[in-house]
Amino acid sequence: MLSLAQLPPGHRARILQVPPEKKRLLALGLRPGAVVEILLKAPLGDPLEVRAEETYLLLRRAEARGILVETLIAAEPHELPPVRLR
Amino acid sequence: MSCPRCDSDNASQKTLSPRLERWALVGGPNTGKSSLINALAGSQLSVGNWAGTTLERLSARLDLEQAQVELVDLPGTYSLLATSPEEALVVRELLQNPPDLVLNVLDAGNLERSLVLTLELMELGLPMVLVVNLLDEAEAKGLKINLEALEEVLGPPVAGTVASRGQVAEVLAKAKEARVPSPKVRYPEALEKAIDRLTPRIPNRALALLALMGEENLPLSQEALKAVEEERAHLEKTGLDPYLLALEARYATAQEVYHRVAHRIGSKPPLTEKLDRLVLHPLLGLPLFLLALFLTFRFTFTLSTPWVDLIGRVQEVLAGWVVALPIPPLARSFLAEGLVAGVGTVLAFAPLLFLLYLALAFLELSGFLARMAFVADRAMQWAGLPGKAFVPLVLGFGCNVPAVYATRTLSHPLDRLRTALAIPFMACGARLPVFTLFAFVFFPQQAPLVVLGLYLLGLVTGLLTALLLGKVLRAERGEGTMELPPYRFPPWRLLLRLAWARTQSFVQGAGGPILIAVLTVWGLLHLPFPGGSPYAFLAQALTPLFHPLGLEDWRLVGALIPGFIAKEVVVGTLGVSLLGAEGLNPLSFLAGVRALLDSLLSALTGTLQGLGSLFLPFSLNLAPEPTPLQVALKEAVSPSGALAYLVFVLLYTPCVATVAALRQVIGGRVALAAVVYQFSVAYMLAFLARQLLP
């Protein structure tokens, strides 16, 4: 179990827990059970581009830290090669 | 409720017209609602404000055989449970001013999440049609959606559309079959029982659920509220969160429906994902961002200049004709320098705003604005603002008026307010003539440095204003989370129509206040007054207030008054009061017509040249001309006083057009408070600036 901010780019994970008071995150599709992936980080390091199912989101690191996920180990290989970030 | 058509016959509608209907478009952000309105009734598009708010209301008239329909675009929302005032408006409209028909717009490319809102809307008890839009994007993703199956599974009629290409015919056909759907989601037992117990007091299922989830400001009686509180306490005791329970049940149902109607026939990585790798690239992202910003700025200001000039020429010609009229001099002056100048001031903003709205609508609907927000977000976090706020702030350096309207792209009103209050401190183009005049007279060696310093001072003051206001109004920082919509080609007709309707809304909403201000200043300058003009009297009365800033000449202080109309007027007024007025030249009819044709031609060629030079860098015109005005200025004030004057001109009350824009965007009372605040900040910082020099 780790936070979404710790998830390495290119890996998929399933959301376990979102702070229940974060109604906006939940409404945007970041809900327990959804499969997420970090696609990119912004040129200045923050925020992150996150894909939750079919939705692409701008998510700040501070918010990502509050979301708990479990990684999905190569259950479904992604169509795209992992993004190289430095 | 069983017959949707009966709704239009209720008493309140009857007084207007028996066949008048209101259809509301409800759907998530970026589902193409405005494209749909445009495709259904584009030529009738109009823009206004929602009653009692400063939120933009987009609507259009649609004339059908059986009825006259007003199509209303409700703000995009993910759920009826509001997380922002715009979303709260959606709930309020649907519950308290129910439309005759709900057109629920769904994103075919993201159908599962769209269905969550649909399931919620089906509990409202309103006649409903589902419009599955963006079928082209779904197809590009390799998704096939069976619309007949969707209709069968859910109940309400389903129309498939590609609104951006005008493929919307099915909507009107399906609207005739609209009926009140029966709710689809079965919630966990505990929640269903709570809803059942509330039914006698709250018969509407959607309303009961919202109340249970803790939504405030619902149209409920005290008695009903008490019952809701009891049910909530009961659920909490068993450790259940009604919001999460309902959300889970809806997602589960949406998923089930989705899998019955959608089939993947291929799996292509979306183009958007590939484009994002380029646009948001760690190295290329920043230069591309700056290029987009630069182009927006150039497009708005370079292309509008020839048309603003044309309006100025028309104004001159009209004034010239008026001066040639055989009427008393005061009447001539009123018409030429009051009325014509006032209307001209309002209209001169129209080309600027039209182009800005065009650029902004393109950036917003194409998906680029969200990417610009993505890149700027980190930097804006420092001021506690979302990334999107960057674009209006930069536009403020061109002109504050369009920049204030550009804050409408921000979804949270608090962010909008703070950005709008920061914008007037951005040194707009109209302040540059004042800066250069003074800088070259008093600081000839460091003129560019002084001007740059003023720009930076404005920026820092604005950002600090936003930061401090954020601290005062709410402790926590904004979440900033937003959707990055897919890249799209917005239909150009929609862009033009939106820009046109929004420009019209400016002229109607802000035109009056600007005209009144211009006429007031005209009265101050020209009405007869014992021992001079009301202007001189007022300026002399105000001058002691400015002694602490090192300003003792009433003519300098006086020039700040017409500066309220437009800051560049400060220079002209100084010229008149220090050197004496130039008379208006009368113009014969024919000469006027010739001048008009000439300037129309140069506006057209200027636009073409502007298009060609969009990518060229700016040229700052800092050429010093030793004029009589500069000599006269040098005698009127000391260098330290001049610096204080510059700082004051930079920061004090923005021009009347900006105040009028603020009134439309953040409300009249706040705009008034802003004026007082800016005046105080300008006074204090000008006082400090004076101490910098001996």
Show the residue pairs that are 6+ apart or on different chains and have beta-carbon atoms under 6 Å apart, the first residue being within region A:14-43 and within 7 Å of another protein chain (Cβ to nearest Cβ) and at positive phi, the second being among the polar types (S, T, N, Q) and not in a loop (DSSP other than H, G, I, E, B). A:Gly29/A:Thr55
For residues in region B:302-324 being touching a Pro at 6+ places or on another chain (Cβ under 9 Å) and more than 24 Å from B:Ser588 (Cα to Cα), which is surrounded by the fewest Cβ atoms within 10 Å (Cβ to Cβ)? B:Thr305
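Residue-wise test of (1) under 29 Å from B:Gly76 (Cα atoms); (2) among the aliphatic types (A, V, I, L, M).
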site: B:Val340; (1), (2): no, yes
site: B:Leu352; (1), (2): yes, yes
site: B:Leu369; (1), (2): yes, yes
site: B:Val375; (1), (2): yes, yes
site: B:Arg378; (1), (2): yes, no
site: B:Ala389; (1), (2): yes, yes
Looking across region A:55-67 at residues that are surrounded by fewer than 18 Cβ atoms within 10 Å (Cβ to Cβ) and more than 13 Å from A:Arg24 (Cβ to Cβ), the single one that is farthest from the chain's Cα centre (by Cα) is A:Ala62
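Per-residue answers, yes or no, for (1) among the aliphatic types (A, V, I, L, M); (2) touching a strand residue (DSSP E or B) at 6+ places or on another chain (Cβ under 7 Å); (3) not assigned by TED's automatic domain parsing to the domain that holds B:Val90:
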| residue | (1), (2), (3) |
| --- | --- |
| B:Asn38 | no, yes, no |
| B:Ser43 | no, no, no |
| B:Val47 | yes, yes, no |
| B:Ala51 | yes, no, no |
| B:Glu56 | no, yes, no |
| B:Ser59 | no, yes, no |
| B:Asp63 | no, no, no |
| B:Gln66 | no, no, no |
| B:Tyr78 | no, no, no |
From the set of residues in region B:470-495 that are away from chain A (no Cβ under 14 Å) and buried (at least 17 other Cβ atoms within 10 Å of the Cβ), which is modelled with the lowest pLDDT? B:Gly470
When B:Ser267 is run through (1) polar (S, T, N, Q); (2) within 14 Å of chain A (Cβ to nearest Cβ); (3) under 21 Å from B:Val346 (Cα atoms), the failure sits at (3)
Across region B:535-554, what is the number of residues that are crowded, with 16+ Cβ neighbours inside 10 Å and of a type in the set (Asp, Glu)? 1
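Is there a residue in region B:505-519 that is touching a strand residue (DSSP E or B) at 6+ places or on another chain (Cβ under 7 Å), touching a residue at least 40 places away in the same chain (Cβ under 8 Å) and closer than 30 Å to B:Gly32 by Cβ?
There is at least one residue in region B:505-519 that is touching a strand residue (DSSP E or B) at 6+ places or on another chain (Cβ under 7 Å), touching a residue at least 40 places away in the same chain (Cβ under 8 Å) and closer than 30 Å to B:Gly32 by Cβ.
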Of everything in region B:118-147, what is surrounded by 22 or more Cβ atoms within 10 Å (Cβ to Cβ) and β-branched (Val, Ile, Thr)? Give them in sequence order. B:Thr118, B:Val129, B:Val131, B:Val132
Considering each residue of region B:48-76, count those that are assigned to a loop (DSSP other than H, G, I, E, B) and either within 18 Å of the chain's Cα centre (by Cα) or farther than 22 Å from B:Val171 by Cα (or both), and give that number. 9
Within region B:103-119, residues being among the hydroxyl-bearing types (Ser, Thr, Tyr) and either facing chain A (nearest Cβ under 9 Å) or touching a Leu at 6+ places or on another chain (Cβ under 6 Å) (or both) number 1
Would region B:213-232 turn up any residue that is within 14 Å of chain A (Cβ to nearest Cβ), buried (at least 18 other Cβ atoms within 10 Å of the Cβ) and of a type in the set (A, V, I, L, M, F, W, C)? yes
Residues that are surrounded by fewer than 15 Cβ atoms within 10 Å (Cβ to Cβ) and among the charged types (D, E, K, R), drawn from region B:242-262: B:Glu256, B:Arg260
Working carefully through the options B:Val343, B:Val391, B:Val401, find the one that is more than 21 Å from B:Leu662 (Cβ to Cβ), in a helix (DSSP H, G or I) and in the same structural domain as B:Gly606 (by TED's automatic domain parsing). B:Val343
Per-region count, region A:52-68, residues facing another protein chain (nearest Cβ under 8 Å) and out of contact with any Phe, Trp or Tyr (no Cβ under 8 Å at 6 or more places or on another chain): 9
Conditions (1) under 16 Å from B:Thr465 (Cβ atoms); (2) crowded, with 23+ Cβ neighbours inside 10 Å; number of the one not met by B:Arg371: (1)
If you go through region B:83-102 one residue at a time, do you hit one that is surrounded by 24 or more Cβ atoms within 10 Å (Cβ to Cβ) and within 14 Å of another protein chain (Cβ to nearest Cβ)? no
Being farther than 21 Å from B:Pro29 by Cβ and in contact with a Ser or Thr (Cβ under 9 Å, 6 or more places away or on another chain) is the filter here, so list the residues in region A:2-39 that pass it. A:Leu2, A:Leu7, A:Pro8, A:His11, A:Arg12, A:Ala13, A:Arg14
Would it be correct to say that B:Leu360 is in contact with a Pro (Cβ under 9 Å, 6 or more places away or on another chain) and either under 26 Å from B:Ile516 (Cβ atoms) or modelled with pLDDT under 90 (or both)? yes
Which condition number does B:Leu150 fail, the rest of (1) surrounded by fewer than 22 Cβ atoms within 10 Å (Cβ to Cβ); (2) more than 26 Å from B:Ala60 (Cβ to Cβ); (3) not polar (S, T, N, Q) being met? (1)
Is at least one residue of region B:509-519 surrounded by fewer than 16 Cβ atoms within 10 Å (Cβ to Cβ) and more than 21 Å from B:Thr658 (Cβ to Cβ)? no
Would you confirm, using the coordinates I've provided, whether B:Ile265 is surrounded by 13 or more Cβ atoms within 10 Å (Cβ to Cβ), aliphatic (A, V, I, L, M) and either in the same structural domain as B:Ala370 (by TED's automatic domain parsing) or farther than 17 Å from B:Pro486 by Cβ (or both)? no
Failed condition for B:Val261, given (1) away from every other protein chain (no Cβ under 11 Å); (2) free of Cβ contacts under 8 Å to residues at least 24 places away in the same chain, with all others met? (2)
Across region B:282-296, what is the number of residues that are part of a helix (DSSP H, G or I) and facing another protein chain (nearest Cβ under 9 Å)? 3
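The values are calculated or read from the model by the stated rules, or taken from the named source; none is laboratory data. Note that the structure is a prediction, hence the values are computed from the model and not measured. Cβ sites come from the backbone with ideal geometry, for glycine too, and all protein chains shown count toward neighbours.
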